[in-house]
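Undergrad: Can you read through this structure? Questions will come right after.
The values are calculated or read from the model by the stated rules, or taken from the named source; none is laboratory data. A quick note: this is a predicted structure, and the numbers were derived from the prediction, not measured. Ideal geometry is used to build each Cβ from the backbone, glycine not excepted, and the neighbour counts take in all protein chains shown. Heavy atoms of the whole protein, side chains included, go into the accessibility calculation; ligands, DNA and RNA do not. Shrake-Rupley method; radii C 1.70, N 1.55, O 1.52, S 1.80 Å.
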Amino acid sequence: MRAVHWLRTRQEEYELSYWLSFVAYDQRDRSFNNRIYLLYIILFFSVWIFVVLTFFASAGSIILRLVNPLNPIRAALFLEILLLGVWSVVAFWLSLRRSPVVFSEEDEVLICQTPISRSLVTLRWILMPWVKSGILFWLAAIILGFSVAETSMPGVITANRILEYAGYGLRAWVVVIPVHLALFALQWAVGILRLQKDKERQGLAWLVIPAALALFSFLWIFTFGADSTARMPWSQIVSGITYPVLAGFGQGNIFISLLTSGLFAITALGVMVWSSGTFSLSRAAQETREVDTLEAASRYGFTDYARQLQDQRRLGVNRAPTRLPAFTGAGILIWKDLLQSQRSLHLSSAFIWVQLFLLLLGFAFLPDLGSRALVIGYWVIQLGQGSVIRLRGDLA
């Protein structure tokens, strides 16, 4: 297991060095000046992120008043539960279609074929994916905390009250960490239960449908039936579920909240470790090694290769061959274009043309010739890139 830990640590350091390269920081440099530069980077981005989050919080306070004008804290709780709930349903569905534990081709050879403890490998592999998945929810929780501060703190928020203002975001962030960890571990546990040594449990995917119905029923009761159902039996259940997150927005004891959510996270990790006792690492590697290659290609700028891999994964090798019509000559090119249009239709391709349309729409509202020339230049570049995608695919 020590060798596996060493290998995983090198993978995490390699991925971290990629992001640090954007700020020209070399983690292999042990000099004093480089450490001072790291401290400067931390301070700079801390202040920058704080300013950006406060900017979004001003818009978030308006959204809270629209959702619930009488109780912004309840509105923030609703948005937090909605975000976590929708993400959980989608993530559970994806975990039941593909292994949540991603292994590279090297991992398949060096680790997945060895008689190592599956539970320890799963527990070691969860750290980096959990952090990458949690960043979005941590930032969202801080923004909602700042939004609650702008609606709850009386008077003008001056520099003397900046610590009180930051406390709202810090409190919401600390509370959401164990909640997100528990949900993330349960997603891994469900995905691992599907890939066991003895059999593959495909029927677990149907559990997502009642889970989604339960989520939206809970949100409906929580949003529209809270006043009329305060004395109903399920009101205590609703209060128990929402209390850990509600304490992050200032209503409740944060220590009890952290204790409750922490026990929930430990239990979820225990379930994940228990389910991974007979986890088939080889089958997980077969499902995910292409995902690792795709992420590496996208990360280092090989967009054409990444798009080609993505199309191959989406089409699959088990599909029946397309039944081509008996066209001859140039007519077959029309059928080829129809097939490419059908199979390459996704959000990113549609976004390019929507962006081009919005640029032309905003062109008429620009006041001066310089800004119009800048927009036209950018529009021409985007049009050229969008027009040659199919030709580049054919040539590849």
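Undergrad: Would you call GLY167 closer than 26 Å to PHE255 by Cβ, buried (at least 18 other Cβ atoms within 10 Å of the Cβ) and out of contact with any His (no Cβ under 8 Å at 6 or more places or on another chain)?
TA: No.
Undergrad: Let me ask you something else. Are any residues in region 82-112 part of a helix (DSSP H, G or I), aliphatic (A, V, I, L, M) and within 18 Å of LEU213 (Cα to Cα), and if so, which ones?
TA: Within region 82-112, LEU82, LEU83, LEU84, VAL86, VAL89, VAL90, ALA91, LEU94 meet the criteria.
Undergrad: Here's a follow-up. Let me spell it out: the conditions are (1) closer than 30 Å to TRP125 by Cα; (2) open to solvent by 70 Å² or more (accessible area, probe 1.4 Å), and ASN33 meets all of them except one. Which number is the exception?
TA: It is condition (1) that ASN33 fails.
Undergrad: Six or more apart or on different chains, Cβ atoms under 9 Å: show the pairs whose first residue is in region 23-52 and outside any loop (DSSP other than H, G, I, E, B) and whose second is surrounded by 12 or more Cβ atoms within 10 Å (Cβ to Cβ) and polar (S, T, N, Q).
TA: ASN34/GLN27; LEU38/GLN27
Undergrad: For GLU105, which of the numbered conditions (1) out of contact with any Asp or Glu (no Cβ under 8 Å at 6 or more places or on another chain); (2) surrounded by fewer than 22 Cβ atoms within 10 Å (Cβ to Cβ) fails to hold?
TA: (1)
Undergrad: Being surrounded by fewer than 20 Cβ atoms within 10 Å (Cβ to Cβ) and modelled with pLDDT under 85: is that true of SER133 here?
TA: In short, no.
Undergrad: Right, another one. Criterion first (open to solvent by less than 40 Å² (accessible area, probe 1.4 Å), part of a helix (DSSP H, G or I) and either out of contact with any Asp or Glu (no Cβ under 8 Å at 6 or more places or on another chain) or among the hydrophobic types (A, V, I, L, M, F, W, C) (or both)) does PHE146 satisfy it?
TA: Spelling it out, PHE146 is indeed open to solvent by less than 40 Å² (accessible area, probe 1.4 Å), part of a helix (DSSP H, G or I) and either out of contact with any Asp or Glu (no Cβ under 8 Å at 6 or more places or on another chain) or among the hydrophobic types (A, V, I, L, M, F, W, C) (or both).
Undergrad: Which of the residues that make up region 266-289 are touching a helix residue (DSSP H, G or I) at 6+ places or on another chain (Cβ under 7 Å) and of a type outside the set (Ser, Thr, Tyr)?
TA: Of everything in region 266-289, those that are touching a helix residue (DSSP H, G or I) at 6+ places or on another chain (Cβ under 7 Å) and of a type outside the set (Ser, Thr, Tyr) turn out to be ALA268, LEU269, VAL271, MET272, VAL273, GLY277, PHE279, LEU281, ALA285, ARG289.
Undergrad: Can you spot a residue in region 116-129 that is of a type in the set (Val, Ile, Thr), surrounded by fewer than 16 Cβ atoms within 10 Å (Cβ to Cβ), within 16 Å of ALA57 (Cα to Cα) and modelled with pLDDT under 85?
TA: no
Undergrad: Same structure, new question: Kindly list the number of the only condition in (1) open to solvent by 60 Å² or more (accessible area, probe 1.4 Å); (2) in contact with a helix residue (DSSP H, G or I) (Cβ under 9 Å, 6 or more places away or on another chain); (3) closer than 22 Å to TRP138 by Cβ that fails for ARG28.
TA: (3)
Undergrad: Taking region 1-47 only, how many residues are more than 27 Å from the chain's Cα centre (by Cα) and within 17 Å of ILE111 (Cβ to Cβ)?
TA: So the answer is 3.
Undergrad: Which condition number does GLN113 fail, the rest of (1) without any contact (Cβ under 8 Å) to a residue 24 or more places away in the chain; (2) more than 25 Å from the chain's Cα centre (by Cα); (3) open to solvent by 40 Å² or more (accessible area, probe 1.4 Å) being met?
TA: Answer for GLN113: the failing condition is (1).
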